[in-house]
1. Scanning for something surrounded by 16 or more Cβ atoms within 10 Å (Cβ to Cβ), hydroxyl-bearing (S, T, Y), in a loop (DSSP other than H, G, I, E, B) and outside the structural domain of P391 (by TED's automatic domain parsing), does region 35-49 turn up at least one residue?
2. For region 421-445, enumerate the residues that are modelled with pLDDT of 95 or more and assigned to a helix (DSSP H, G or I).
3. Return yes when D39 is in contact with a Leu (Cβ under 6 Å, 6 or more places away or on another chain), of a type in the set (D, E) and under 18 Å from F182 (Cβ atoms) and no when it is not.
4. Could you please let me know if R58 is charged (D, E, K, R), assigned to a strand (DSSP E or B) and touching a residue at least 40 places away in the same chain (Cβ under 8 Å)?
5. Identify all residues within region 445-467 that are in contact with a Phe, Trp or Tyr (Cβ under 8 Å, 6 or more places away or on another chain) and either within 27 Å of E338 (Cα to Cα) or free of Cβ contacts under 8 Å to residues at least 24 places away in the same chain (or both); write none if there are none.
6. Quick one: in region 89-101, of everything that is in contact with a strand residue (DSSP E or B) (Cβ under 7 Å, 6 or more places away or on another chain) and in a helix (DSSP H, G or I), which residue is surrounded by the fewest Cβ atoms within 10 Å (Cβ to Cβ)?
7. Under the condition of being small (G, A, S) and in contact with a Lys or Arg (Cβ under 7 Å, 6 or more places away or on another chain), which residue from region 452-488 is nearest to Y326 (Cα to Cα)?
8. Taking the options R466, R458, name whichever one is surrounded by fewer than 16 Cβ atoms within 10 Å (Cβ to Cβ) and in a helix (DSSP H, G or I).
Amino acid sequence: MTTVDILMPYYGDDSLMREAVRSVLRQDDPRWRLTVVDDGSVPGVAEWFATLGDTRVRYLRNERNLGVTGNFNKCLDLAEHELTALMGCDDRMLPNYVATVIAVHESVPEAAIIQPGVRLIDDEGRPTRTLVDEVKRRVYAPKFRGRMVMDGERLALSLTRGDWLYFPSLCWRTDRLKTVRFRDDLRVIQDLALLLELVRRGERLAVDDTVCFEYRRHAASESSATAQEGSRFAEAEGFFLETADWLQAHGWRRAARAARLHLSSRLFALTLIPGAADRKGLARHAFGRVRRVTVPGSTDGSEYTQRLMRLEQPLWKRLFDVQAPYRWNVRRIFGDREVLDVGCGLGRNLAHLAPRGVGVDHNEHSVDVCRGRGLTAFTTEEFGDTEYARPGRFSGMLAAHLIEHMPRAEAVKVLSGYLDFLAPGARVVFICPQERGYTTDSTHVEFADFDALADVARQLGLTVVRRLSFPFPRSAGKLFPYNEFVLIASKP
């Protein structure tokens, strides 16, 4: 009997997650199993699942935060039945979803990917329409009625012109899905990368117009998108140029031309220019000529560490001890507390906190530099096995120049993984660059001002104590690249 493994990587709003789970429970066709993989720490979730009393539902909580890509890859590993759906934890299945995708699979068993009909809903669950989705439907999606099968260059060309699929609604042949992984080096385009890899391997897509899924388009998503700067488009540009190379080698020349042009990405960048801090960077992406670029797709490689070390080299920085005011500020805020420095990088602030600071960073090369400087630092993989990873160990936590390197939701996920190591009353400090400083680093992903940092604190259950512009008043942030937002909070 064909069964659909519905895998739900979960983090965030538990009320929306429960709504998503209930939509699965209301399926007309009983041939499904639901697995929710919790990457957060919201209390009461496990107890709620225990009340459901349905043996087809299982709930797993990660021992440590895996992040978006890590949690999705874990879900891939958990898939066991013939078909798999990677459902968004804030979306909803209509009662006919399972029956629809099984029917398509039985009609087109060779298709590795199934895209059923999708209806858009807003934050409140009401039907909605957005410019992004109208463009998807009217410009990029193929025109058909009933059912259609695509593969080869036709499918690659369609997706490189504009990704019109709704990834959380897709259903997959499990045996084909398990041959690929979500790429760790990508932050915002992992889903398209996975799809195109399957297309390269000759897999087919079946599209059916039976509406059976509700995709939630949050208003916050669109407003926060205006804060997405050049880094996300640098990643997209690098990915499309890389894709164009293999498409050309594959003999799919039209698709290769579309990938090199990446027109949909350019148009998206164009729409963000009015509200962006890095307008020049977005304009370059929107109007620039096609070129080969080397993209720092993430901050976890040796190239990023070397870049940080080069930034320390200018003679004027060493002669004038430019770190003096920042060292004074960090020591003033934390006093004699033992502090966990999350995202410690090369150890600039960790040195200010020594000998009562412990650093953790995902970049093993940066951690090696910290250790070479006599500082106590560990990679994120190592930290959990150290003597420092004990509940309530630290009376302070610092996240300096970390939050702007990722989408806000991912920042909350990363930081939540360290909250248990903080004692009650622990002081938590977030530091991010202001406008001018934000534009100086192409690996920055999302601008975070005082309101954004306060929102991160709120989602983590922290109490905001103080907001500080340092070292100069807030107005200097548009001109002086080293002016910082400093938000001080406490753990209840």
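1. yes
2. Of everything in region 421-445, just one residue is modelled with pLDDT of 95 or more and assigned to a helix (DSSP H, G or I), namely F421.
3. Yes; evaluated as a whole, the condition is true for this residue.
4. Against the criterion (charged (D, E, K, R), assigned to a strand (DSSP E or B) and touching a residue at least 40 places away in the same chain (Cβ under 8 Å)), R58 does not qualify.
5. Passing the criteria: A448, D449, F450, L453, V456, A457, R467.
6. T100
7. So, considering only residues that are small (G, A, S) and in contact with a Lys or Arg (Cβ under 7 Å, 6 or more places away or on another chain), the one nearest to Y326 (Cα to Cα) is G477.
8. Criteria check complete, one pass: R458.
The values are calculated or read from the model by the stated rules, or taken from the named source; none is laboratory data. Here the structure is a predicted model, which means the values were calculated and not measured. Neighbour counts are summed over all protein chains in view; Cβ atoms, including those assigned to glycine, are modelled from backbone coordinates with ideal geometry.
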